[in-house]
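Student: Below: one structure in structure tokens.
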Amino acid sequence: MTRAYIVCGSPGTGKTVYGKKLAERLGAAFLDIDASTERLVRLALELNGHNPDDRDSPFFKEHFRDAIYEQMFDIARDNLRHIDVVIAGPFTKELKDSEWREKLTARLGSPVEIHFVSCAPEIRRQRMVKRGNPRDDAKLRDWDRYVRYYDEAPPSCSHVFIDDSRELCSAAAGHPLAMPNQDDAHEKINLKSI
């Protein structure tokens, strides 16, 4: 049976890099929230007279957020008939639901494993500055508000914790990144093996 892997966490934590490496290791399809929906979201925002780089306003969250996730889940469900799928996105609201993994398993018709990627706020800020994506501008201008919104609390549901506090190049050299959140489990996932 195929499996869905949800790679989630705040912007700048390394979700996309980790998710791509995981998908490559598994031979899975990779769906990134930005690559999957970006062109249509930008166009729709512009047609509605809004900043095409907006991802944080009440307008965006009310009119686009849920539709974007549902579109990704539809694409994932179609692919899960044939292949494992890795989905990368923040999933901020969903992570607060202790039954989200079970609900998503029912929605997708395949088992779901959640990987939560986290790192220190200063590392996230540095990465956002370095990548220079206009979508990050509002976050960087009001950094304190952004850090409060993405509070980095671990998911309420069962998950694998990915600590990306070091640079990914260091991780690839052997730094253990992940620790399942199961009663002091000592099994670690190493990015080099992913």
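The values are calculated or read from the model by the stated rules, or taken from the named source; none is laboratory data. Everything quoted here is computed from the prediction, not taken from an experiment. So basically every Cβ, Gly included, is an ideal-geometry build from the backbone, and we count neighbours across all protein chains shown.
Student: Suppose the filter is modelled with pLDDT under 95, more than 17 Å from the chain's Cα centre (by Cα) and among the basic types (Lys, Arg); does Arg42 pass it? Full working, then the answer.
Tutor: Working: modelled with pLDDT under 95: yes; more than 17 Å from the chain's Cα centre (by Cα): yes; among the basic types (Lys, Arg): yes.
For Arg42, the condition - modelled with pLDDT under 95, more than 17 Å from the chain's Cα centre (by Cα) and among the basic types (Lys, Arg) - is met.
Student: Among the residues of the stretch 9-31, what is the count of those that are modelled with pLDDT under 95 and in contact with a Gly (Cβ under 8 Å, 6 or more places away or on another chain)?
Tutor: So the count comes out to 1.
Student: When you check Thr2 against the structure, is it surrounded by fewer than 20 Cβ atoms within 10 Å (Cβ to Cβ), over 16 Å from the mean Cα position of the chain (by Cα) and of a type in the set (Ser, Thr, Tyr), yes or no?
Tutor: Values: surrounded by fewer than 20 Cβ atoms within 10 Å (Cβ to Cβ): yes; over 16 Å from the mean Cα position of the chain (by Cα): yes; of a type in the set (Ser, Thr, Tyr): yes.
When the stated conditions are applied, Thr2 passes them.
Student: Considering only helices (runs of 4 or more DSSP H) fully contained in the stretch 112-194, which possess at least 1 residues that are modelled with pLDDT of 50 or more, farther than 30 Å from Thr2 by Cβ and among the acidic types (Asp, Glu)?
Tutor: Working: elements: 121-131, 137-141, 143-149, 168-172.
Per the criteria, 121-131, 137-141, 143-149.
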